[in-house]
1. Would you pick out the residues in the range 1-37 that are closer than 19 Å to TYR150 by Cβ, open to solvent by 90 Å² or more (accessible area, probe 1.4 Å) and modelled with pLDDT under 90?
2. Take the conditions modelled with pLDDT under 85 and out of contact with any His (no Cβ under 7 Å at 6 or more places or on another chain) and apply them to LEU40. Does it pass?
3. For the subset of the range 62-82 comprising residues that are assigned to a helix (DSSP H, G or I) and open to solvent by 30 Å² or more (accessible area, probe 1.4 Å), which member is nearest to THR102 (Cα to Cα)?
4. Output yes when any residue across the range 89-111 is within 30 Å of VAL10 (Cβ to Cβ), of a type in the set (D, E, K, R) and not in a helix (DSSP H, G or I), and no when none is.
5. When you look at LEU163, is it in a helix (DSSP H, G or I), under 24 Å from GLN24 (Cβ atoms) and under 14 Å from the mean Cα position of the chain (by Cα), yes or no?
6. Given GLY151, GLY146, which one is surrounded by fewer than 19 Cβ atoms within 10 Å (Cβ to Cβ) and either in a loop (DSSP other than H, G, I, E, B) or modelled with pLDDT of 95 or more (or both)?
Amino acid sequence: RAHLECAIHVHDLPYFATRPVSLQSDLRWFLRKGIMSDGLGETTSVAGPAKHPEVAFSHAVRVLISGETHLSGGQSLDFFNFFLAPYTMSLDDKTVRQLIQTFLYELTQILAVHGGIIATTTLNFEVETPAFLKKEKAVLPGGVLGQDTYGDYEREAIRLLNLFLSTMAEGDF
């Protein structure tokens, strides 16, 4: 009633009781634990922790696609370049660009989940290591927490950001 009388505004009112509007996910959890689309691994296949860069990027897309089925609005992944930097460290620019292109293509397929409507997805990049991440142990390939910290990956994270921006600027096929 308050919404109808304009006393309050409930964003995406038709979904209010069944779906949150938005979500921000921590990619580290999925890189460490893997992906279970139903949350239990009982009715769908389960992917373990990412051991390879292709799988790490794929996990990021799957997190966003899975989230889209449960939200009425947008979602985001924070510190995207820092959390994926341990996976791209040993790759040349051409290979990283291909990973980014594949990621972006797969990301646009979310529109199939929303009936042809492109969902709002935000990837947050950093231009330097956030203070709280400087000493945080990095999730390494295989979901392992090594001795490396995200501060150790600053140079790679910046390279990943630059490659992402230049790939976006080039456009798709």
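1. Just the residues of the range 1-37 that are closer than 19 Å to TYR150 by Cβ, to begin with: 24-33.
With the extra rule that they be open to solvent by 90 Å² or more (accessible area, probe 1.4 Å), the set shrinks to 24, 29, 32-33.
Of everything in the range 1-37, just one residue is closer than 19 Å to TYR150 by Cβ, open to solvent by 90 Å² or more (accessible area, probe 1.4 Å) and modelled with pLDDT under 90, namely GLN24.
2. Values: modelled with pLDDT under 85: yes; out of contact with any His (no Cβ under 7 Å at 6 or more places or on another chain): yes.
The answer is yes for LEU40.
3. Here is the first cut: in the range 62-82, the ones assigned to a helix (DSSP H, G or I) are 62-68, 80-82.
Still in the running and open to solvent by 30 Å² or more (accessible area, probe 1.4 Å): 62, 65-66.
Details: ARG62: 13, ILE65: 14, SER66: 18 Å.
Top of the filtered list is ARG62.
4. Scanning the range 89-111 turns up no residue that is within 30 Å of VAL10 (Cβ to Cβ), of a type in the set (D, E, K, R) and not in a helix (DSSP H, G or I).
5. Details: in a helix (DSSP H, G or I): yes; under 24 Å from GLN24 (Cβ atoms): yes; under 14 Å from the mean Cα position of the chain (by Cα): no.
Answer is no for this residue.
6. Details: GLY146 fails: either in a loop (DSSP other than H, G, I, E, B) or modelled with pLDDT of 95 or more (or both).
The conditions single out GLY151.
The values are calculated or read from the model by the stated rules, or taken from the named source; none is laboratory data. All of these numbers come straight from a predicted model, not from anything done at the bench. As a convention, Cβ positions derive from the backbone with ideal geometry for all residues, glycine included, and neighbour counts pool all protein chains shown. Each accessible area value is taken on the protein alone, full model and side chains, heavy atoms only, with ligands, DNA and RNA left out. Shrake-Rupley method; radii C 1.70, N 1.55, O 1.52, S 1.80 Å.
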